[in-house]
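For reference, the structure is listed below as structure tokens.
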Amino acid sequence: MKRIREAVAVLAVMLPLGALAQGGPGGPGPMRGGGGPGDGTRIAGQRMRMARTLGLAEALGLDEAQALALRQRTMKLDDRRAAALDRMREAHATLRRAASGEKVAAADVDKAIASDLDARAELSALDRELVGAVTKDLPPEKRARAALFLARFDDRFGPGGGGARGMGGRGMGMRGGMGPAAMQRGAGCPNPECPMRGSDM
């Protein structure tokens, strides 16, 4: 458990910094790590999913083998979530172009709105499936711990740790309490038992 606890603490610091270093959607640039469009978002998503697994392991008292088994159970859901988030980002790109005054066909705007709503509905359904997969066969106390952890994690990083709230929202955003001062207070660790949340940080 010590190694899991240390990994949670390290990832709590590295996740927001790593996402900024890799860059978000919008392609390569001097501040975006040179990757293609969305590369930074995908990398950040992978890191956040790892942090979610480690945080759950810490909250539920899992050993490394149990944590790996948990990760295996959630992988298919994460793949579906990533696809839904990609569709949402594509829809938002179209809507932003239209909102900025660029000529976009009315049918394309309607299609983007419908795609956005469908993706949001799918993400909500996946949240339910994720809670079910994580809490299956657990005693009531641990089911409650898992549900509370996932709620806090979603509030911090977006649905399922997918970073859907983007750089301006409460997930990885500069206004979301994830800056250096917040990290020093331990606000970056979604696990209430994470050592990063200690009052002496």
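Modelled this way, with points 7 Å down the Cα-to-C-beta line, the labels at Asp155 and Arg128 are 2.3 nm from one another. Treating r as the C-beta distance of Ser100 and Asp79 and R0 as 41 Å, the FRET efficiency rounds to 0.80. Compared with the direct C-alpha span, the chain from Ile113 to Asp137 gains 4.8 nm at full extension, assuming 0.36 nm per residue. In a reduced charge model with +1 at each Lys and Arg Cβ and -1 at each Asp and Glu Cβ, the stretch 43-157 shows a dipole moment near 120 debye about its Cα centre. Distance between the 7 Å Cα→Cβ label points at Glu90 and Ala147: 3.6 nm.
Working note: Cα gyration tensor of the stretch 43-157, eigenvalues times five, square-rooted, sorted largest first, giving semi-axes of 35, 13, 11 Å.
Laboratory data are not the source of any read-out in this text; all were calculated from the coordinates shown. Quantities reported herein were computed from a predicted structural model and do not represent experimental measurements. All Cβ positions, glycine included, derive from the backbone under ideal geometry; neighbour counts span all protein chains shown.
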